[in-house]
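The next block holds one structure in the form of structure tokens; read it before the comments.
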Amino acid sequence: MKKLILISFMFLAGGSVWAGGHEHGHDHDDDLISKQDCKEMKQGIGELLGIADYFWNEIEKASAAGKEANTGDYEGAAFYSQQAANYSVVYDVWCD
């Protein structure tokens, strides 16, 4: 049993040795997302944040007027800000 655990540990720990693509100076020839796609994604993230900001401003306007904001405004702000966050992670992994 000890040998099995040791062999398993060696494969799990040793697997990271063969993982590549993130070393310093890597030229990213094997990227899945092109530079143009990265540029468009960055622009899209900005647009998603702008839409989320619009919904937040609507919520703030309603609050300043002493009214309860529309549920759709909360849902829109949450949805678009989450989409921007999700795409930001993809951008950070593949484009940054």
**Prompt:** By a straight-distance test (C-alpha under 16 Å), which aspartates and glutamates pair with residue 35 as possible cross-link partners, with residues fewer than eight away in the same chain excluded?
**Reply:** 27, 92, 96
**Asked** Each residue of the range 35-49 in turn: what ³J(HN,Hα) in whole Hz from Karplus with 6.51, -1.76, 1.60 and θ = phi - 60°, glycine and Pro shown as x?
**Response** 4, 5, 5, 5, 5, 5, 5, 4, 5, x, 4, x, 5, 4, 5
**Prompt:** Which value, in debye to the nearest 20, describes the size of the charge dipole of the range 32-96 about its Cα centre when Lys and Arg Cβ atoms bear +1, Asp and Glu Cβ atoms bear -1, and nothing else is charged?
**Reply:** 140 debye
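Which value, in Å to one decimal place, does the Kirkwood hydrodynamic radius take for the range 32-96 when every pair of different Cα atoms is included? Numbers along the way, then the final one.
On the way: mean 1/r = 0.0785 Å⁻¹.
Computed over the range 32-96, the radius equals 12.7 Å.
Using r as the Cβ-Cβ distance of residue 57 and residue 33, and R0 as 30 Å, what FRET efficiency do you calculate, to the nearest 0.05?
On the way: r = 32 Å, r/R0 = 1.06.
Working from the Cβ atoms, E equals 0.40.
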**Fill in**
Within the under-11-Å Cβ sphere about residue 53, not counting residue 53, Lys/Arg +1 and Asp/Glu -1 give a net charge of -3
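If Lys and Arg each add +1 and Asp and Glu each add -1, what is the summed charge of the other residues whose beta carbon sits under 15 Å from the beta carbon of residue 87? Don't jump to the answer; show the numbers that get you there.
Numbers: positive: 39, 42; negative: 37, 40, 47, 92, 96.
With Lys, Arg at +1 and Asp, Glu at -1, the net is -3.
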**Request:** Quick one: what are the phi-derived ³J(HN,Hα) couplings along the range 55-62, Karplus 6.51/-1.76/1.60 with θ = phi - 60°, whole Hz, x for glycine and proline?
**Result:** 5, 5, 5, 5, 5, 5, 4, 5
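Any read-out appearing in this document is the output of simple, stated calculations on the displayed coordinates, not a laboratory observation. A quick note: this is a predicted structure, and the numbers were derived from the prediction, not measured. With ideal geometry, Cβ positions are generated from the backbone for all residues, glycine too; neighbour counts draw on all protein chains shown.
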